[in-house]
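Derivation of every value follows stated rules applied to the coordinates shown; laboratory data play no part. Being a predicted model, the structure only gives us computed values, none of them experimental. Cβ coordinates were reconstructed from backbone atoms using ideal geometry, including for glycine residues, and neighbour counts include every protein chain displayed.
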Amino acid sequence: MTTNNDHKTTRSDDGDLTIHDDAIKNSVTRSATLALDHALDHAKTWLDRLDSRPVAPETDLATLRNRLGGVIPDRGMSPERVIDELVALSESGHMGSASGRFFAWVIGGSLTSALAADWLVSTWDQNAAIYTCGPSVSVIEETAGAWILELLDLPREASFAFTTGCQSAHVTSLAAARHSLLMRQGWNVEEEGLFTAPPLTVLTTAQHHESIDRAVRFLGVGRKSIKLIPMNENGQATAAGLSTALKDNDGPTIVVLNAADLNIGACDDFNELIPIAHDADAWVHIDGAFGLFARASRAKRHLLNGVDLADSWATDAHKWLNVPFDCGIAIIRDSVAHRAAMTVSTSYISSNGDARDQIDWNPEWSRRARGVPVYAALKELGRGGVEALVDRCCTFCDALVNGIGALQGARVVAAPTLNQGLVRFELAGATEEENDERTAEVIDRINATGEAFFSGVDWRGQRAMRISVINWRTTLADVERTIDAVATALA
Ligand SMILES: Cc1ncc(COP(=O)(O)O)c(C=O)c1O
């Protein structure tokens, strides 16, 4: 038998490893808190360095696999050493997406209160499936949901679920839509399934996010049921196109509209389109992954006029509200349909009066209390702070798109109406294909400087660089520093 004092384990002659009770106790009282101290130090260093470290990761895949891969260890190590090694081995491979100069995709940062609250969620380790298993977090999530309805000015009687992201918020919302539309046809989808059910149609524009396709796939409705509505030059579904599509597909129909698409922030004309859809008895679902938060801004909320007429909304708190991943929100006007699509009951789950059991509204069973960081973020910012955050991002996006677009060899493809815009890099006399390559090459060069990070996209047949500003950390200095970095890359 060998004893390893460092690891408080004993290996018997036949190789079995035993963790001693005193090791567990020690781990709780000393080493575990030491690990938390180490994690706190590392976290502070990471945040302090965000402004000075390169935004792009500095390590390649092979190096990361080499460092982080390998076989599962036979012998354990102290928690604090685990944390130190984790940081040492992985840090150079992290993307600086929390930095103020990350403008690729649509990724927010983490507000300090939301980040700290997220740590506490892990520390409390509540199973936020049912009230009984985590009373305080259940009430915190109940409050956070109600505050979100107020902030976004959506029907206060709507039900909600804090999901892992907007993708799962789509699944949750469209499951409620599927329930409601098929129930109207006398079909109970939860009992009967979909095999011989009346077919569902999904109408949306070509600009819809792929997460809608995936939700439709997950729900057994199938991608072939998606039919495209024609758009105008602003990327909005046309009323005539919607009317025709509704006439051509007169079965149960879901209409998915955009409350800001991810390329140009296009918002559909909800006041015009939603009544048309409702006249045809269709369910209207809104993809407002980030754009729905423009409802909090007096300067921008006109872009979303009438969005509150819809039947369901999917959004993310981990985007514009700047809470850590993962936190989406599904909001559904018909709470009966929502609950019918999600609820579960079994003898080992005890309900507590009128308390909110999240399992009735969420697709997950066990789950972390991801609504808690939302509660914290809303307390930190207040209504005014959310509005200021949205407005700042829009102002900075405008400054970036126009500042970069004014550089020699750059062109504004889509000026932002919200926080998303597009630019393209072109050489005089070059073909479209050459300028596609040029755009990709300039993006790579900017990213290689470490000063800022962007991504490319095919938009209306051309390669463009997308500029998304959605982080509370972005400052005017970041905007200026980024324009300088792009100028250098272009030169
Ligand atoms: C418009 C839109 N919808 C849906 C999604 C999917 O959101 P999530 O990644 O939170 O699932 C995104 C992600 O960027 C998006 O921009």
Exercise. What length, rounded to one decimal in nm, is gained on full extension from L40 through to A299, with 0.36 nm per residue of separation minus their alpha-carbon distance?
Worked result: 89.4 nm
Problem set entry | Most to least packed among 109-115, 212-218 [average Cβ atoms within 10 Å] | 109-115, 212-218
For this session: Answer with one residue from F195, L228, L182: the one whose Cα lies farthest towards the positive end of the charge dipole of segment 181-285, charges on Cβ with Lys, Arg +1 and Asp, Glu -1.
Result: F195
Seminar exercise, completed: Inter-part gap, Cα centre of segment 127-189 to Cα centre of segment 255-314, in whole angstrom, is 18
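Cut-off is 10 Å between beta-carbons; in what order do S90, S173 appear when sorted fewest neighbours first?
If I rank by nearby Cβ atoms, fewest first, I get S90, S173.
According to the square roots a ≥ b ≥ c of the eigenvalues of the Cα gyration tensor, what is the shape class of segment 135-251, taking rounded for a/c under 1.5, prolate for a/b larger than b/c otherwise, and oblate for the remainder?
Since a/c reaches 1.5 but b/c is at least a/b, the shape of segment 135-251 is classed as oblate.
When the helix-only estimate is applied to the chain (DSSP H runs of n ≥ 4, each -39,500 (n - 2.57), divided by the residue count), what is the mean residue ellipticity at 222 nm, nearest 500 deg cm²/dmol?
That comes out to -13000 deg cm²/dmol.
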Problem set entry | Whole-Hz couplings from phi, Karplus 6.51/-1.76/1.60, listed for segment 66-80; x for Gly and Pro | 5, 6, 9, x, x, 8, 4, x, 6, 10, x, 9, 5, x, 5
For this session: Amide H neighbours of W459 under 5 Å, at least 5 residues apart or on other chains, H built in the peptide plane: list them.
Result: A464
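Could you tell me the convex hull volume per residue, in Å³, taken over the Cα atoms of segment 257-333? Walk me through the numbers before you get to the answer.
On the way: hull volume 6.6 nm³, N = 77.
Per residue, the Cα convex hull of segment 257-333 comes to 86 Å³.
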Problem set entry | Whole-Å semi-axes of segment 112-381's equivalent ellipsoid (Cα gyration tensor) | 30, 23, 14
Exercise. Under a no-solvent Debye model with one identical scatterer per Cα of the chain, what's log10 I(q)/I(0) at q = 0.05, 0.07, 0.08, 0.14 Å⁻¹?
Worked result: -0.23, -0.44, -0.57, -1.38
For this session: Could you rank the peptides 393-400, 183-190, 140-147 by their average count of other C-beta atoms within 10 Å per residue, with the highest value first?
Result: 393-400, 140-147, 183-190
Seminar exercise, completed: Once L86 and R67 are pulled to full extension, the length gained, defined as 0.36 nm per residue separation minus their Cα-Cα distance, is 5.8 nm
Exercise. If packing is taken as the mean number of other Cβ atoms within 10 Å per residue, what is the order of 329-337, 370-378, 126-134, highest first?
Worked result: 370-378, 329-337, 126-134
Seminar exercise, completed: Whole-Hz Karplus couplings 3J(HN,Hα) for segment 391-403, θ = phi - 60° and coefficients 6.51, -1.76, 1.60, Gly and Pro as x, run 5, 4, 4, 5, 4, 5, 5, 4, 5, 5, 4, 6, x
Exercise. Tell me, what is the percent relative contact order of segment 57-182, built from C-alpha pairs under 8 Å that lie six or more residues apart?
Worked result: 14
